[in-house]
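Asker: Submitted below is the structure of interest, expressed as structure tokens.
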Amino acid sequence: EGSHKFPGGEEPNTKNASNNDTSAADAGPSSGPLKRGRGRPKGSQNSKKSKRSNRLIKSIPFFQGNINKVNQETGNDELVSSLMIRFNAVRRRLSQVKNVRGGVSIALRTFKDLQLRTNTKARVGSVPGIKVGDIFFLWGEMELVGLHAVPICTDFMKFKDSGEDKRLAISVVSAGKNADEAQDPDSLIYTGFGGQESDQKLNRMNLSLEEALKIKSVLRVIRAVEDEKRKHGNIYIYDGLYSITDMWEEKSANGFKVFKFRFVRQPDQKPAFGVWKSIEQWKEGLITRPGLVLQDLSSGAENLKVSLVNEVDDEKGPSSFSYIASLKHSVIDVPPMVDLCTCRPKSCCSGDDCLCVQRNGGELPYVDRVLVTRRPMIYSACLRRWIVGGGLRSLDPIRAGSFICEFAGDIIQKGDEETDDYLFDTSRVYKSFQWNYEPELVGEDVFEKVSEVIGSFTAFVISAKKSGNVARFMNHSCSPNVMWQPISREQKGLWCIHIGFFAIKHIPPLTELTYDYGAFRGYGKKKTCLCRSKKCSGSF
């Protein structure tokens, strides 16, 4: 298995990466170039980060959340999902803490040092627990779940052939200088390693790629696309299995010999990168989206257009209802604010003297517009400034913790919902799950854990039958990718409770958004569940 180490766990800067296999991508703004087999580069600040990480490790000698040896080598759906949630929870918390620098680096090193990772066994083909189309917002996430285990664009495994040690390429990341320029969703031209200051040589990584061509071995392909919401950030799309069908030499722009490899996607795989290319064409108006019924169901009420699409039958839309962007408060009794937050309207909530910061326990519950932790209640006087637009199926990738939409509608009296299929009831029983960070993993006291139990506010029912927003179309699932969070929002001097929906995990474009409807307490009327997930309870 490849033995490359990525000091500090920073994300490679693949946009400026050298495609020389003796020097991997820049390890981030605070690191020097990574030398193969040399460990941490001289003069790097990662040693300081490592010491900070080690202090966190030493503070949790009896940590109980480890992964056993078997699951480290081979994962599954639940383990991969859980690991991604745990890692991102820690990363968000470290990014939130003001006196911690390099939160991503510290989070990755902590997880690696504690062996909180899976699929460490090098393998050809698909990786257990990872589906074609899955997305990753950090290179290190792919390392932790075993999709691509090294910080350079080609991963390989060692094997013996007639007693001779050989290398076989098992996955590639199309990014940086190795990236395919044609952007064809069914094939790509991959550039070999080297060629920056001299001709490329048929050794190491290039040899492992040639070996895959010779024995007709499949490789995993990850496509990197620029993340429009982050500076210098990429989103990595697992595009499935490919085979190398051809290899040749040509001259690069600087006059040196380079190797080129043609990859062709294996048949009968669901589209992944192809979905992204189709969305790109829809947005640019190059082609019309199939099944498009209405360009904007909200008629301009939302920041983003809410397209109505039907690819199933000839129906032209839902039954008549009034589109509203926010919840109508008319019944629920909410306590008045003692003092108004003075941050508005000049700026969004910030600073230690901000009343919203104080009400949230001394810190805002979000960082870079991403929710850090679930809480019994979130207080925000500027809710609409940091939660913007979403939909039942989003054309854009959604990062874990991102706001999607709120549940808009009319608040109705309990008992008036017998014939209403567009309800949100805060009094229902919801399946518990852990989404927040584990305090031990960030050097905090376990007794300081942020509660994920919903606050004891007055229960109420929202109906979106007559008026509502895109949330009324969101279906139930026993394995949801969306969660709800009560939010107190200041309106005309009152705290008004709203229900916000946030992404539990990373959600690829056009993936159906679902949440847990909850079960009736006692002997309420139940409905048959059709979600077909592995955790399906049969009713809700």
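Just so it is clear, none of the values below were taken in a lab; they were calculated from the coordinates. For clarity, every value in this text was computed on a predicted model and none was experimentally measured. All Cβ positions, even for glycine, are placed from backbone atoms using ideal geometry, and neighbour counts span all protein chains on display.
Asker: Can you pull a Stokes-Einstein diffusion coefficient for segment 149-284 at 10 °C (1.306 mPa s), Rh from Kirkwood over Cα pairs, as a whole number of µm²/s?
Answerer: 100
Asker: Of 131/257; 316/466; 277/431; 305/527; 160/505, which ones are farther than 30 Å apart at the Cα?
Answerer: 131/257; 277/431; 305/527; 160/505
Asker: OK, next. Roughly what percent of Cα-Cα pairs across segment 180-221 reach past 15 Å?
Answerer: 54
Asker: When Lys and Arg each count +1 and Asp and Glu each count -1, what net charge do the other residues less than 10 Å away from residue 171, Cβ to Cβ, add up to?
Answerer: Once all neighbours under 10 Å are counted, the net charge is +1.
Asker: I would also like to ask the following. Filter the trypsin sites (Lys or Arg not before Pro) in segment 154-201 down to the DSSP loop ones having no more than 16 other Cβ atoms within 10 Å, then list what survives.
Answerer: Those satisfying the criteria are 201.
Asker: Name the trypsin sites (Lys or Arg not before Pro) in segment 63-143 that are in a loop by DSSP and that have at most 13 other C-beta atoms within 10 Å, would you?
Answerer: 98
Asker: Using DSSP to call loops (not H, G, I, E or B), can you name the GluC sites (Glu not before Pro) in segment 231-331 whose Cβ has at most 16 other Cβ atoms within 10 angstrom? Please list the in-between numbers first.
Answerer: Numbers: sites: 249, 250, 280, 284, 302, 311, 315; in loops: 302, 311, 315.
Loop-located and lightly packed - 311, 315.
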